[in-house]
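Everything on this sheet refers to the single structure shown next.
Bear in mind that the values in this text are calculations on the coordinates, not laboratory data. A quick note: this is a predicted structure, and the numbers were derived from the prediction, not measured. Using ideal geometry, Cβ is built from the backbone for each residue, glycine included, and neighbour counts are taken over all protein chains shown.
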Amino acid sequence: MSASSRTVPQEQLPSEDLHPRPMPVINLGHLSLDSRTRSGVVNEIAKACRDLGYFQVINHGISQAIMDRAVEAASSFFKLPSETKEEYSSDDLRQPVRYDTSSKDSISMSRAFLKHYAHPLSDWIQYWPQKPPIYRDCMGRYAVEVRRVALLLMEAILEGLGLDKGYLKEKFQEGLQLLSVNSYPKVSHGATAIGLAPHSDYGFLTILLTSCQGLEVLDRSSKSWKTVQQLPHALHVHIGDHMEVLSNGQIKTVIHRALLNPEEARMSIASIHGFALHEKVTCATELVDEENPQKYKESSFSDFLDHLTANMDNKQRNFLESLRM
Ligand code: OGA
Ligand code: NI
């Protein structure tokens with residue numbers, strides 16, 4: 001399986017912005033305080049979603065130990081011999097676990113990845129690697145915690161869109177969670193510094209844990225790349241294609257890429273949250289009216305996998321573009 005809706009032609013992208021502005025950092029602990037404080041945070045999240053499509057969260061309740069152990073498990077997996085890792089190689093995007101190192105997906109320039117479903121954990125964990133021995137336990141604990149954070153965020157984002165608290169709650173509860181566990185080498189002299197080419201993610205939102213700096217987001221207003229700062233104990237959040245669809249374009253997906261780090265090899269764990277495989281995502285009827293007609297066709301994660309499979313060689317085809325009406 002895959003979860004990147006890819007791709008933006010390299011030549012259309014701007015060069016580095018040398019004067020990055022600080023990104024919004026949201027204190028998630030404040031969501032569970034009194035209603036005035038909560039609405040303040042909901043507004044901050046809504047503004048970040050509308051203006052940028054990304055933000056960072058702190059005070060999210062996941063312990064540093066759980067985060068560190070997940071990164072350690074990931075890093076130990078990629079240190080295994082190639083034959084062991086290649087047991088998980090497959091060209092079939094629908095495999096429950098998939099390992100790859102090449103750019104068959106057209107965006108992995110210099111990245112090895114292991115992708116697997118994570119929710120419901122009891123359905124999927126049996127397919128996860130048994131080596132290293134800590135993998136299932138450490139990644140499983142992180143997966144459960146990060147999903148809790150994703151559901152809190154979804155609720156706040158929907159509230160910020162003016163939708164009812166509890167809007168489609170069951171569909172989010174039953175939704176899929178996909179972990180993309182990524183490993184990037186340290187940049188070597190004369191080699192390309194891009195680990196993962198520009199793309200947007202499928203799904204409603206992605207929560208990213210990274211071992212060191214390297215992620216960049218494309219800032220919509222200045223059309224320049226922004227380096228995502230590496231704050232202690234923070235997680236990075238970005239909006240995916242299906243949130244753009246659900247919000248009927250009020251919130252936009254975000255193009256991002258990963259650069260190789262000059263100092264060290266880099267690990268990242270992207271947790272992607274969507275509806276269940278065959279559940280269609282459509283523009284919320286509450287956000288469609290005469291002035292704002294429906295902008296996107298409905299689609300499911302399964303439709304997205306079909307789209308990727310059919311467009312393996314076509315770097316220009318973007319899933320979200322194919323949904324525009
Ligand atoms: C992804 C992704 C960024 C990173 O896995 O979709 O965008 O920093 N990862 O690894
Ligand atoms: Ni991504």
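List the trypsin sites (Lys or Arg not before Pro) within the range 153-198 that DSSP assigns to loop and that have no more than 16 neighbouring Cβ atoms inside 10 Å.
On the way: sites: K165, K169, K171, K186; in loops: K165, K186.
Passing both the DSSP loop test and the Cβ count: K165, K186.
Short version: ³J(HN,Hα) in whole Hz for each residue of the range 117-122, in order, from phi by Karplus 6.51 cos²θ - 1.76 cosθ + 1.60 (θ = phi - 60°), x for Gly and Pro, what are they?
The phi angles translate into 6, 9, 9, x, 3, 5 Hz.
Using Cα springs under 10 Å in a Gaussian network model of the chain, which residue among M312, M67, M109 shows the largest mean-square fluctuation?
Highest fluctuation of the listed residues: M312.
Using modelled backbone amide H atoms (1.01 Å from N, in-plane), which distant-in-sequence or interchain residues come within less than 5 Å of I194's amide H?
Correct list: L260.
Below 8 Å, C-alpha to C-alpha, sequence gap of six or more: please give me the relative contact order for the range 200-317 in percent. Write down the numbers at each step before the final one.
Working: 204 pairs, mean separation 35.2, N = 118.
RCO, the range 200-317: 30 percent.
What list of ³J(HN,Hα) couplings, whole Hz, do you get for the range 139-144 from phi and the Karplus terms 6.51, -1.76, 1.60, once you set θ to phi - 60° and write x for glycine and proline?
6, x, 5, 5, 4, 5
Under 14 Å Cα-Cα from K85, which aspartates and glutamates qualify once same-chain neighbours fewer than 8 residues away are excluded?
Leaving aside aspartates and glutamates fewer than 8 places away in the same chain, those within reach of K85 are D100.
Could you put D91, D241 in order, starting from the residue whose Cβ has the fewest other Cβ atoms within 10 Å?
Working: D91 10, D241 28.
So the ranking, lowest neighbour count to highest, is D91, D241.
Quick one: Cα centre-to-centre distance for the range 252-299 and the range 73-113, in angstrom?
Measuring centre to centre over Cα atoms gives 23 Å.
Once amide H atoms are placed 1.01 Å from N in the peptide plane, what residues at a sequence separation of 5 or more from L215, or on another chain, have their amide H within under 5 Å of its amide H?
Amide H to amide H, under 5 Å and 5 or more residues apart or across chains, L215 pairs with V228, L259.
Stokes-Einstein at 37 °C, 0.692 mPa s, Kirkwood radius from Cα pairs: D for the chain in µm² s⁻¹?
Values: Rh = 19.9 Å.
The Stokes-Einstein estimate is 165 µm²/s.
Using helices alone, what [θ] at 222 nm do you get for the chain, with -39,500 (n - 2.57) per DSSP H run of 4 or more residues, divided over all residues and rounded to the nearest 500? Intermediate values should be presented prior to the final figure.
Numbers: 9 runs with 93 residues, N = 325.
Taking each H run of at least 4 residues, the total per residue is -8500 deg cm²/dmol.
So for each of 122-132, 226-236 I average, over its residues, the number of other beta carbons within 10 Å; can you give me the resulting order with the highest mean first?
Peptide ranking by packing, descending: 226-236, 122-132.
Between V25 and A276, with labels modelled 7 Å along Cα→Cβ, what's the label distance in nm to one decimal, could you check?
4.0
For a 28 Å ceiling on Cα separation, which of these pairs sit above it: K115/K169; K131/K280; K47/K186; K169/K223; K79/K252? If you can, show how the numbers build up before the last one.
On the way: K115/K169 26 Å; K131/K280 35 Å; K47/K186 35 Å; K169/K223 35 Å; K79/K252 37 Å.
Among K115/K169; K131/K280; K47/K186; K169/K223; K79/K252, the Cα-Cα distance tops 28 Å for K131/K280; K47/K186; K169/K223; K79/K252.
Compute the relative contact order of the range 4-323 as a whole-number percentage, counting only Cα pairs closer than 8 Å that sit 6 or more residues apart in sequence.
Working: 637 pairs, mean separation 75.7, N = 320.
In percent, rounded to a whole number, it is 24.
Which longest run of the chain has no exposed loop site in it, a site being GluC sites (Glu not before Pro) in a DSSP loop with at most 13 other beta carbons within 10 Å, and the site itself not part of the run? Mind showing how you got there, number by number?
On the way: sites that count: E87, E174, E263, E290, E291, E298.
For GluC sites (Glu not before Pro) (loop position, at most 13 other Cβ atoms within 10 Å), the longest site-free span of the chain is 175-262.
Do you know the relative contact order of the range 203-261, to the nearest whole percent, from alpha carbon pairs under 8 angstrom that are 6+ apart? Each step should come with its number before you reach the end.
Details: 92 pairs, mean separation 25.3, N = 59.
Reported as a whole number, the value is 43 percent.
Put a dot 7 Å past each Cα toward the Cβ at D91 and H189; how far apart are the dots in nm?
It works out to 3.8 nm between the two label points.
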